[in-house]
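The values are calculated or read from the model by the stated rules, or taken from the named source; none is laboratory data. Note that the coordinates shown come from a computational prediction; the quantities given were computed from them, not determined experimentally. Cβ coordinates were reconstructed from backbone atoms using ideal geometry, including for glycine residues, and neighbour counts include every protein chain displayed. Heavy atoms of the whole protein, side chains included, go into the accessibility calculation; ligands, DNA and RNA do not. Shrake-Rupley method; radii C 1.70, N 1.55, O 1.52, S 1.80 Å.
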Amino acid sequence: MKHYSEDTISKIGNTVVYLSERIPNLSKTKILKLLYLIEEHSAIKNNTPFFGINFEVWQAGPVAKDFYIDLSDDEPVLLRNFITKTDESGSTYIHSKTPFCDDEFSDNDIELLDEVIRKFGNKTATQLVELTHNENSAWYCIAKDNELLDDFTNGKKNHSDKEIDFTYYLSGCSAERYLENKETSEMFESLKY
């Protein structure tokens, strides 16, 4: 598992709290898709990472591997200070453990969260999986380019280590700006431990 700074864990944890306070019956799959959509929308709208974490191309769409593992374990480790989980009818649901803290968030961040909630908060986990599988998505193109689609469809694979490149959605100066912002974010992240 990658090492994350306290600031990154706090931003992701408080994002999950923010979403769980506003979206009823928030399942593990749905939160994982919403985290991806937040990162994707931040890249497109602001040309900057929201969390600065990696998302891999898995059968069920883009997944932040370490947070998938954290939400799949009996008790979360990375997000232990922010959430609790319950298992109901074979699904895992996420609940806030603490009130939302906006210390890591700008006004633009909150606007982006609210926009993602408006667009996707009422969708089911299955609908969000289908959305991230769209033929115009970075997930689809990376899976296709790396000959993963057939393996995913036939059940031969359910994950890969191929990462989503958010510059797929950007061009020219926007892509350059995103890469510069990502590099700066990664540099600051490495200095925090």
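Protein heavy-atom surface of segment 28-163, 1.4 angstrom probe: 41% of the accessible area is carbon and sulfur, with nucleic acids and ligands not counted.
Under the simplified labelling scheme, the C141-H159 pair shows an inter-label distance of 2.5 nm, with each label point 7 Å from Cα along Cα→Cβ. Applying the Karplus relation 6.51 cos²θ - 1.76 cosθ + 1.60 with θ = phi - 60° to segment 150-165 yields 3J(HN,Hα) values of 5, 4, 5, 5, 7, x, 6, 9, 10, 7, 8, 9, 6, 9, 6, 9 Hz, where x marks Gly and Pro. Placing pseudo-labels 7 Å out from each Cα toward the beta carbon at V77 and L179 gives an inter-label distance of 3.4 nm.
Taking each of K97/K156; K30/K144; K11/K85 in turn, the alpha-carbon distance tops 30 angstrom for K97/K156. Take the Cβ atoms of M187 and N108, set R0 to 22 Å, and the FRET efficiency comes out at 0.60.
At a probe radius of 1.4 angstrom, the accessible area of segment 62-108 per residue rounds to 60 square angstrom. In summary, the helical segments of the chain meeting the span-like criteria, namely a full DSSP H run, a Cα extent along the axis of 18 angstrom or more and a mean Kyte-Doolittle hydropathy of at least -1.0, are 6-22, 28-46, 107-120, 172-191.
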